[in-house]
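The values are calculated or read from the model by the stated rules, or taken from the named source; none is laboratory data. A quick note: this is a predicted structure, and the numbers were derived from the prediction, not measured. Note: ideal-geometry Cβ built from the backbone for every residue, glycine included; neighbour counts use all protein chains shown. Accessible surface areas use protein heavy atoms only, side chains included; no ligands, DNA or RNA. Shrake-Rupley method; radii C 1.70, N 1.55, O 1.52, S 1.80 Å.
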Amino acid sequence: MISKNQIKYIRQLELKKFRKRENCFVAEGPKVVGDLMRRYQPIAIYATEEWKGAGLTGPVPVSRVTDEELRRISFLQNPQQVLAIFPIPDSTAVARSQLSTLRSQLTLALDSVQDPGNLGTIIRIADWFGIDTIFCSEDTADAYNPKVVQATMGSLAHVHIIYCDLLQLFDTLPDDYPVYGTLLDGNDIYQQPLSPKGIIVMGNEGNGISEAVRQRVTHRLLIPNFHQGDSAESLNVAIATAITCSEFRRRSII
């Protein structure tokens, strides 16, 4: 049986300030929990008898709960067998290791992407296209928000998330290092040379890339609108990220 204090503790992890204080986050469902367990050791696991615990290693005890108890601690409308608490990775250590190899990789930078669903989808997109590092401005949505974690469908286990001052990040780059940005006044992405290395900047859902960050973009890209006449004014940032990453990877294999 799960206690009232345990329920209260888990529910408080919905709040960023509590996650930050406790340095942990919640993941749910066999797929998401299973993928995360391949990279991180869980702090606690709450699961129904239906969950078999594939991939579970180490001394972490599994607290068996009823379906009703799982519903009381879950952030999902339809709880899925298991809820686990994981430690938030040390982003400082990750940043040091990733910056050493940054110049030979393709990475993403998110400038104030604030919708949890968009962020989760972008993490999943990065995983699909083999991009293992995403730099996020400090005002980008929290990657360990339960909604974001769920939207990644386990890809959070495969992508390093680093929150930082993007302008300071760009200051560490060589003058000739490509910084790509998707902008409405950019050049047709299908007509521009694209490098297999560089940073792709994606902007805020409503305002796009901020003016300060825009000044650091060295290659301005546009995803052209092929519709004649009235059409959507812009693309959802997650969809735009998928199209952009796909074109970069397509070029690298031609």
inquiry  = Which residue is nearest to residue 66 (Cα to Cα), if the candidates are limited to the stretch 5-17 and must be assigned to a helix (DSSP H, G or I) and of a type outside the set (A, V, I, L, M, F, W, C)?
reply    = 6
key: From the options 144, 177, residue that is closer than 30 Å to residue 75 by Cα, in contact (Cβ under 8 Å) with a residue 40 or more places away in the chain, in contact with a strand residue (DSSP E or B) (Cβ under 8 Å, 6 or more places away or on another chain) and assigned to a loop (DSSP other than H, G, I, E, B)   = 144
ask   = Inside the stretch 32-49, can you point out the residues that are loosely packed, with under 14 Cβ neighbours inside 10 Å and in contact (Cβ under 8 Å) with a residue 60 or more places away in the chain?
value = 38, 39
query = Within the stretch 198-206, is even one residue assigned to a helix (DSSP H, G or I), in contact (Cβ under 8 Å) with a residue 24 or more places away in the chain and within 28 Å of residue 20 (Cβ to Cβ)?
reply = no
ask   = residue 141: at pLDDT below 95, over 26 Å from residue 192 (Cβ atoms) and hydrophobic (A, V, I, L, M, F, W, C), yes or no?
value = no
key: Given (1) over 30 Å from residue 79 (Cβ atoms); (2) in contact with a Cys (Cβ under 8 Å, 6 or more places away or on another chain); (3) not acidic (Asp, Glu), index of the condition residue 191 fails   = (2)
remark   = All-but-one check, residue 2 against (1) among the β-branched types (Val, Ile, Thr); (2) part of a helix (DSSP H, G or I); (3) surrounded by fewer than 18 Cβ atoms within 10 Å (Cβ to Cβ), failing number (2)
Residue 182 open to solvent by less than 70 Å² (accessible area, probe 1.4 Å), in a loop (DSSP other than H, G, I, E, B), under 12 Å from residue 109 (Cβ atoms) and out of contact with any Cys (no Cβ under 9 Å at 6 or more places or on another chain) = no
note = The lone condition residue 52 fails out of (1) part of a loop (DSSP other than H, G, I, E, B); (2) open to solvent by less than 50 Å² (accessible area, probe 1.4 Å) is (2)
query = Would you pick out the residues in the stretch 125-170 that are within 14 Å of residue 27 (Cβ to Cβ), open to solvent by 20 Å² or more (accessible area, probe 1.4 Å) and among the hydrophobic types (A, V, I, L, M, F, W, C)?
reply = 151, 153
remark   = For the stretch 185-209 the number of residues that are surrounded by 21 or more Cβ atoms within 10 Å (Cβ to Cβ) and over 16 Å from residue 223 (Cβ atoms) is 1
ask   = If you take the residues of the stretch 57-81 that are over 13 Å from residue 10 (Cβ atoms) and either crowded, with 17+ Cβ neighbours inside 10 Å or of a type in the set (S, T, N, Q) (or both), which of them is modelled with the lowest pLDDT?
value = 57
key: Positions within the stretch 90-124 being of a type in the set (A, V, I, L, M), more than 15 Å from the chain's Cα centre (by Cα) and either open to solvent by less than 10 Å² (accessible area, probe 1.4 Å) or modelled with pLDDT of 85 or more (or both), in sequence order   = 102, 106
